[in-house]
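See below for the structure under consideration.
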Amino acid sequence: MDIISIIQTGVIKGIENLYGETISATDITMNATRSEFEGDFTIVVFPFTKMAKKKPEDIANELGNYIVSAVPQINRFNVIKGFLNLVIDDVFWQNLLLSSVENPTFGYAPSNGQKVLVEFSSPNTNKPLHLGHIRNILLGWSSYKILQAAGYEVTRVQIVNDRGIAICKSMLAWKLLGKGTTPASEGMKGDHFVGQYYVKFEQLFQEEYKAWQQTEEAKSIFEEKAPADETADVFFKSFKNTYFNEYSELGQSARAMLIAWEAGDPETVALWKQMNDWVYAGFNTTYQNLGVAFDKLYYESETYLLGKSSIEEGLQKGVFYKKEDGSVWIDLTAAKLDHKIVLRKDGTSVYLTQDIGTAQLRYQDFGVEKMIYVVADEQNYHFQVLFETMKRLGEPYAEGLQHLAYGMVDLPSGKMKSREGTVVDADDLMAEVIAEAKEASRESSEINTFSTEQQQDIFRKIGLAALKFHIIKVHPKKRMVFDPKESVDLQGQTGPYIQYSYVRINGVSQRAEREGVDLMAAQAYVNLEPTERELLRLAYQFPGLIQEAAAALDPSTIANFCYALAKAYSRFWHDVSIFDSEPSAKAFRLLLSKFIGNILKNGMDLLGIEMPEKM
């Protein structure tokens, strides 16, 4: 039984013995004691005043005395108004350290027998990965690691959006402007090479649209359709999509290319495969540099027709209904949603149809109880509709569908726009933070003692830690403004700060090994210092926080814990002496350092962050 359950049991028995009342663990409010007071856990006694018919202070004192006498793990208590602060006996913390220090996976849970699938990244093949993708990827990867540590069997997947009008825009621009060039001939990553043609298409289209606005046709449309008080600039800004679909020569060519692809035209399909292969090679390099991988890739070109058979079955069961024009819909108003189309009148599918079929395929592939979609919160409504539809269809995994919705990432200058080329490219961003790490390391005299290869590895680990931690420490649901300069600040609440704590601990362990310190002497150390207790109290929380982060799909829980633990170790480092203390204290503090280092390494690994041995 863990210490929290032990305390809860003591409170329950205390209330029964003192006041003859029966309560349960859910009736007890217990928190970690605030730093300005002595104690490890605090019991709020105000809810017991009615049953005890006494003042809160009196209840706290009576309950405190009972718990100290009945629960051997509690050493003493103090009362602050209606709050009972309990101090755990040092022997408990000593046993925690001695029993856990050699456990390399402290905090990780055994298998719970449940299977979960995490979908993340899911890029389009018309552009390289950018800052927005990085937040998605980091949240997906850390969620996978945390769920795995919480006992789940996790499958990592992505669906590559490799078809559609956006991809045809890049293909068409390359046909018009590429002149047979390739990523190899231009010395570019494949995704960057293809992405530049997506931007070039937009430039061509804007030129065409601007010229068209001066034509008699455009003037006639403006006079016919524009409100009386609307200027031409305002009208044509909102008319852009209509122009692309109905009037643009470039738009017609892009749509013709999409139709040709869907019809299996050999030349179009060959170009599509070639350009996608260029992009995949670029994506793989970025994923490798970020330290992520997938168990299976799904492709929209292979899934966009899925789900149609389920719609037909659902029609027979009354889940869906058909309108007079032949389109098929689902009525979700009872779930406070809306009527949603699942098949167009011409029989073609929509994204909802495709997602239904893809979920069913994944269940066939992996038999998971949970499916987690890491997608920006702009798609909240879509996933509400999808999940409710899957429940109506009676899918066995429907209750386990979850949307890890995250806030968008903005630049200080505003939103990123891929078509206009105003994105923070993922590869450029990684290169920038690694360069900043190199610059910051100039102040270290030790860095020059490493080989060039070792230095580059250290710079890479520090730079990527700065980037990853800066993004993951923010709660997923919060929209964030990403300032590249702020992200590479190597001081304060940053990944490199935590890495430095780990490196310091690593140095302590190496010295202890060189000096041959007898670590068994730690068993005789029983009077802990406040900073030692603080470290062990934080370490004790780690297993529970993994479960909490897994349940909430919130990696920021682990990120902020790692920072708090590193900061507590810094206080310990400055407040006590390790090597100049008596043998039992020295041994205990060395084991404590090792224990905290192990937790820091495991905690940061859950975020996809590597720890250097030296900095």
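The values are calculated or read from the model by the stated rules, or taken from the named source; none is laboratory data. Please read all numbers here as calculations on a predicted model, not as lab measurements. A quick note on method: Cβ atoms are made from the backbone with ideal geometry, for glycine too, and the neighbour counts reach across all protein chains shown. Areas reflect the complete protein model, heavy atoms only, side chains present, ligands, DNA and RNA absent. Shrake-Rupley method; radii C 1.70, N 1.55, O 1.52, S 1.80 Å.
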Overall dimensions of segment 497-615 by Cα: Rg and Dmax, Å: 14.6, 45
Given backbone amide H placed at 1.01 Å from N, residues whose amide H is under 5 Å from that of I80, ignoring those fewer than 5 places away on the same chain, are N85
If unit charges are put on Cβ atoms (+1 for Lys and Arg, -1 for Asp and Glu) and the dipole of segment 1-96 is taken about its Cα centre, the option from T22, I6, N75 lying farthest towards the positive end turns out to be T22
Among DSSP beta bridges lying fully in the chain, give the percent that are antiparallel, nearest 5. 50
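Charges at C-beta only: +1 for Lys and Arg, -1 for Asp and Glu. How large is the resulting dipole of the chain about its Cα centre, in Debye rounded to 20?
In total the dipole reaches around 520 debye.
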Residue-normalised accessible area of the chain, expressed per residue, 1.4 Å probe, Å²: 47
Of the peptides 238-245, 38-45, 270-277, how do they stack up when ordered by the mean number of other Cβ atoms within 10 Å, highest first? 38-45, 270-277, 238-245
Pairs over 31 Å Cα to Cα, from K225/K340; K169/K189; K127/K478; K127/K317; K179/K438; K169/K322, come to K127/K317; K179/K438; K169/K322
Sorted by mean Cβ packing within 10 Å, highest first, what order do the peptides 326-333, 182-189 take? 326-333, 182-189
Residue-ordered couplings for segment 299-316, obtained by feeding phi - 60° into the Karplus form 6.51 cos²θ - 1.76 cosθ + 1.60 and rounding to whole Hz (Gly and Pro as x), are 10, 4, 5, 9, 10, 5, 9, 5, x, 5, 5, 5, 5, 5, 5, x, 4, 5
Quick check on the chain: helices-only [θ] at 222 nm, where DSSP H runs of length 4 and up contribute -39,500 (n - 2.57) each and the sum goes over total residues. Nearest 500, please. -18000 deg cm²/dmol
With 29 Å as the cut-off, how large is the P(r) tail for segment 292-447, expressed as percent of Cα-Cα pairs? 38
Sequence-distant or interchain residues sharing an amide H contact under 5 Å with M408, placed H: which? D377, M480
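With charges set only on the Cβ (+1 for Lys and Arg, -1 for Asp and Glu), what does the dipole of segment 233-313 come to about its Cα centre, in debye to the nearest 20?
Values: 6 positive and 12 negative charges, 55 e Å.
That gives a dipole near 260 debye.
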Descending packing, highest mean Cβ count within 10 Å first, for 193-201, 392-400, 207-215 is 193-201, 392-400, 207-215
With charges only on Cβ, +1 for K and R and -1 for D and E, what is the dipole size of segment 292-393 about its Cα centre, in debye, rounded to 20? 280
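Rounded to the nearest whole Å³, what is the per residue volume of the convex hull around the Cα atoms of segment 444-526? Please list the in-between numbers first.
Details: hull volume 13.6 nm³, N = 83.
Roughly 164 Å³ of hull volume per residue.
Quick check on segment 18-75: what does the Kirkwood estimate of hydrodynamic radius come out to from the alpha carbon pairs, in Å?
Values: mean 1/r = 0.0803 Å⁻¹.
For segment 18-75, the Kirkwood estimate is 12.5 Å.
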Given backbone amide H placed at 1.01 Å from N, residues whose amide H is under 5 Å from that of L332, ignoring those fewer than 5 places away on the same chain, are D338, H339, K340
Compare the Cα positions of F239, G282, I259 along the charge dipole of segment 237-282 (+1 at Cβ of Lys, Arg; -1 at Cβ of Asp, Glu; about the Cα centre) and return the one farthest towards the positive end. F239
Segment 112-164 -> Rg/Rh from Cα coords, Kirkwood Rh, value 1.07
So the carbon and sulfur contribution to the accessible area of the chain, 1.4 Å probe, in percent, is 49
Average silhouette area of segment 505-569, convex hull of alpha-carbon atoms, in square nanometres: 5.6
Using only the alpha carbons of segment 131-206, what is the convex hull's orientation-averaged projected area in square nanometres? 7.0
Segment 274-318, convex hull of Cα, quarter of hull surface, nm² -> 4.9
Tail beyond 17 Å, pair distance distribution of segment 534-600 (Cα, percent): 45
